[in-house]
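No value in this document is a laboratory result; all are computed from the given coordinates. Just so you know, these numbers come straight off a predicted model, no measurement behind them. Backbone-built Cβ (ideal geometry, glycine too); neighbour counts: all protein chains shown.
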Protein chains: 2
Amino acid sequence: MPNPTRFPRSLAPRAWLAMALALAAPAAMAQEAGPISLERFGSFHVGGRMVEISGQPIREYMPTTGGQLNRIDPNGAYLVGQMYAQYMIPAQQRGTVPLLLWHGAYLTGVTYETTPDGRPGWDQFFLRRGWATYVSDAVERGRAGWAMVPEIFREPVFLPMQNPWERFRIGDGAGSYARGTTREGGQFPSDAASYGNFMRQVVPRFLSTDEAVKAGYIALLERVGPSVVIAHSQGGAFAWQVAQMRPDLFRALILIEPAGTGVPAEAARLKDVPQLFLYGDYLDVDARWGAIRANARRFVGLVREAGGQVEEVDLPARGIHGNSHMVMMDRNGDVVAQILQDWLVARGLWN
Amino acid sequence: MPNPTRFPRSLAPRAWLAMALALAAPAAMAQEAGPISLERFGSFHVGGRMVEISGQPIREYMPTTGGQLNRIDPNGAYLVGQMYAQYMIPAQQRGTVPLLLWHGAYLTGVTYETTPDGRPGWDQFFLRRGWATYVSDAVERGRAGWAMVPEIFREPVFLPMQNPWERFRIGDGAGSYARGTTREGGQFPSDAASYGNFMRQVVPRFLSTDEAVKAGYIALLERVGPSVVIAHSQGGAFAWQVAQMRPDLFRALILIEPAGTGVPAEAARLKDVPQLFLYGDYLDVDARWGAIRANARRFVGLVREAGGQVEEVDLPARGIHGNSHMVMMDRNGDVVAQILQDWLVARGLWN
């Protein structure tokens, strides 16, 4: 093993060190392939509020073989409505602000990790380009945890196998899961193994927590500071609404297939946040997604009227075909990520 | 910025490169501080089974401002009982097999990430020493997701603020949360902010999923291959039981405050798995944990009678005082981690 303290006597240690660092630096900066160097990484929870629960029966159970009786009094104070984030800070940081990745409904931050067919996801795409990334689980989802039903959270909804297949434009419409048919030219990895991996990451969502989710995102942004946010689907609607509440916390906002909009009457609050939004393919044959995009375009029209800068990327018009609702998991997901990266570079947010 | 293609003409590029790499290598291998180099990282889900649900009413809701009516038919097939794992593979791997970190009840893999007071957790401790680490969320917990209640999963249990304070030996027994008192000399970061951060990571557990959890862990081990497993609390009981089912998948098993045991009648199945177990402090004054440890010692006695090698580390007897149930989060957590690392080195599992 080389000993770093044994330098040739003909050169001063400081000169050798400078030389070694100079030669090693390019490898550390070209992180698109090979090992990736992190300055640090970690995770935290933010937000939440206290709720008092009373009148519940005491719970007794024997937890496991060889354990001791567990007597849980569920009455008392609960900390609920927090959210979770995991961050990775690259050694060679090139993004000028943090980059936050917000997932959609029935999903968690796993959306941006490894794709269902095993490729590196968008988290890694941006990390390798020098962005400090924060992948989060919104309130109620994944590692954010969830609260007592129905006393605190209400109305969990679960998705069976056929639902995302047909609703996320992987299959070709109603009945396509039973038929086993997909959109022609579709880019989602729709083989049985990959779709199974995707469905393993689907989690319940609640219909009672929208305000808590937005409060959680504001707490996250207050902690990490003004950021670039990439938000998907339901997360896109939350992002627009959160940006209307706290435009000072957004340096740029990218919306991937937003499933809703901000508040139309407050569109002007977004006039100073650079925005990009995009949808995938097949919106001409999927009436529901076509209507959602029409809503988004109307909302964006109001933002533009107020002086806002919003760019729409029309993927099919650029010759990029076959994208499902899960653009970041599609086989051509990195082609789309590169469009986002180029747009962020053009906004002066990367150096 | 230094240009790697401009070498002094007096030296051949190859010679310079070799020199630079030799000088750079020690920095990459001594990763206990400073940047950490990852060969790769990612996440996946494993396991699960299909369950058919019928007879449920159709759910209609307007998901968000500017969205379109969502009509969810919850009837159909569900993939349930999967688990989640995130892996980090260091560029300089020194562990001879993967190292898996399994959490306890009401918790997720966050247990091993950043501590509640912001220090790097055990995941990072072992990663920095060259272990390929896998931090998982067991079936039902965190990013593993959860299934319809009560049709598939039953009996979720939630923990109010006072419960871990009093049950995990942070406070000094019953009533200590209300009193705001802690064990004398306790190592858990028990200031209000840190305890709040800890409670933010507490999630519900279910009383109906033990078999699914064990099946998930076997699926995880089958995917990554024979491993070192570090398991905490409820995870320790699961680990002993899983190791009895598949001893071939364990190279070593470390149990941190196991809350239960394996199956006594099958203790001999553990005879070829090197094991270490430990508890923290205050077990002489906490009757419940004292009884749990007595159970564990009885079980370990059976394993030893069958020829198994099991080491107990008695922390207070070694002069390591004040440990709560959450040893990995205690202020002296890295002292304990170093004991585990030394034991793994002595077993020949690290080079």
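Brief remarks follow.
- Highest mean packing first, where packing is the average number of other Cβ atoms within 10 Å per residue, the peptides A:210-216, B:116-122, A:104-110 line up as A:104-110, A:210-216, B:116-122.
- Shielding by other protein chains, B:192-202, mean Cβ within 10 Å: 4
- Beta-bridge orientation, the protein assembly as shown: approximately 55 percent antiparallel, per DSSP, counting only bridges with both partners inside.
- Every Cα-Cα pair of region A:151-201 was included, and the share exceeding 19 Å stands at 29 percent.
- Relative counts (whole %) of C-alpha pair distances in region A:255-351, using bins that are 10 Å wide: 15, 44, 34, 6, 0
- When both region A:141-155 and region A:169-236 are represented by their alpha-carbon centers, they are found 19 Å apart.
- Amide hydrogen neighbours beyond the local backbone of A:SER43, cut-off 5 Å, H modeled: A:TYR87, B:THR114
- Between identical copies, the spacing of A:GLY118 label points, each set 7 Å from Cα toward the C-beta atom, reads 4.1 nm from nearest to farthest.
- Relative contact order of chain A: 16 percent, from C-alpha pairs under 8 Å at least 6 residues apart in sequence.
- Coordinate range of the alpha-carbon atoms in chain A per principal axis, descending: 78, 63, 45 Å.
- Debye equation applied to the C-alpha atoms of region B:76-187, log10 I(q)/I(0) at 0.11, 0.18, 0.20 Å⁻¹: -0.53, -1.00, -1.07
- Normalised convex hull volume, region A:297-337, alpha-carbon set, Å³ per residue: 90
- Cβ-based net charge around B:GLN86, under 10 Å, with every Lys or Arg adding one and every Asp or Glu removing one: -3
- For A:ASN70, residues with placed amide H under 5 Å, excluding near neighbours: A:TYR61, A:MET62
- In the assembly of identical copies, A:ARG304 has its label point, taken 7 Å from Cα in the direction of the beta carbon, separated from the corresponding points by 7.7 nm (ascending, one decimal).
- Table column - 3J(HN,Hα) (Hz), region B:335-349, Karplus curve with 6.51, -1.76, 1.60, x for Gly and Pro: 5, 5, 4, 5, 4, 5, 4, 4, 5, 5, 4, 5, 7, x, 9
- Charged neighbours of A:GLN56, selected by a Cβ distance under 14 Å, balance to -3 (K, R count +1; D, E count -1).
- Gyration tensor (Cα) of the protein assembly as shown, equivalent ellipsoid semi-axes in angstrom: 40, 35, 24
- Position A:HIS321, label points 7 Å along Cα→Cβ, spacing to each other copy in nm (shortest first, one decimal): 7.5
- Spatial offset of region A:256-317 relative to region A:82-128 amounts to 23 Å, using the alpha carbon center of each.
- Average silhouette area of region A:28-120, convex hull of alpha-carbon atoms, in square nanometres: 11.1
- Based on the convex hull around the alpha carbon atoms, region A:149-281 presents an average projected area of 10.0 nm².
- Residue-averaged beta-carbon neighbours from other chains (10 angstrom radius) around B:67-78: 6
- Among A:GLY34, A:GLY322, A:GLY186: highest mean-square fluctuation, GNM of chain A, C-alpha pairs under 10 Å: A:GLY34
- Placing unit charges on the Cβ atoms only, positive for Lys and Arg and negative for Asp and Glu, gives the protein assembly as shown a dipole magnitude near 1580 debye about its Cα centre.
- Average beta carbon contacts from partner chains per residue of B:255-263, 10 Å cutoff: 3
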